[in-house]
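Remarks on the structure that follows.
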């Protein structure tokens, strides 16, 4: 029997997180509009030489934003061993952040634990300047830029479906959360 896949806790189920007020199911066209809006906000205020996406989900908006801003792109990886643990850097930022104007991008930001860890890792490499951006601000931490603030439970288009027992299905934890919220 194949192992049951483990998924990180849905973004609204982390400790200390308030209950979501609804569900925001993001499709690809809406995601594209959010990236364009976020890129414009950044462009009007800051000129990054490098966009650094936080893997996994922050790489997607980060790559799109770096293309729109016509600057370099790189990534770093931060993960949580389980839903209650603190984030851990598993692949740090590249040395090329040194002396550059850096924009760190992630998909969501609740408590800011992941973003704070990314900022610390980047600042150790002495960038000229560093700012932060997220697609969705869902909690108290305030990044420099965000496309949308929401209290909703967010389902992203690249995160919605997974393979379970050889079939593509909605992520089981998302399906459960939708049932719980009556969606």
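The values are calculated or read from the model by the stated rules, or taken from the named source; none is laboratory data. Remember, it's a predicted structure, so these values are computed and weren't measured experimentally. Neighbour counts are summed over all protein chains in view; Cβ atoms, including those assigned to glycine, are modelled from backbone coordinates with ideal geometry.
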Of those in the range 8-29 that are farther than 14 Å from residue 152 by Cα and surrounded by 13 or more Cβ atoms within 10 Å (Cβ to Cβ), the residue modelled with the highest pLDDT is 8
Scan the range 107-141 residue by residue and report those that are on the phi > 0 side of the Ramachandran plot and modelled with pLDDT under 95. 112
Suppose we filter 89, 97, 42 for residues that are over 20 Å from residue 135 (Cα atoms), modelled with pLDDT of 95 or more and in contact with a strand residue (DSSP E or B) (Cβ under 7 Å, 6 or more places away or on another chain); which single one remains? 97
Would you please name the residue that is modelled with the lowest pLDDT, looking only at residues in the range 162-183 that are over 17 Å from residue 24 (Cβ atoms) and touching a strand residue (DSSP E or B) at 6+ places or on another chain (Cβ under 9 Å)? 172
Among (1) within 13 Å of the chain's Cα centre (by Cα); (2) in a strand (DSSP E or B), residue 130 falls short only on (1)
May I ask you to verify whether residue 148 is within 24 Å of residue 111 (Cα to Cα) and buried (at least 17 other Cβ atoms within 10 Å of the Cβ)? yes
For the structure I just gave you, tell me whether residue 165 is touching a residue at least 40 places away in the same chain (Cβ under 8 Å), loosely packed, with under 13 Cβ neighbours inside 10 Å and more than 23 Å from residue 64 (Cβ to Cβ). yes
Take the conditions more than 21 Å from residue 79 (Cβ to Cβ) and either in contact with a helix residue (DSSP H, G or I) (Cβ under 7 Å, 6 or more places away or on another chain) or in contact (Cβ under 8 Å) with a residue 40 or more places away in the chain (or both) and apply them to residue 173. Does it pass? no
Closer than 16 Å to residue 46 by Cβ and in contact (Cβ under 8 Å) with a residue 12 or more places away in the chain - does that describe any residue in the range 88-98? yes
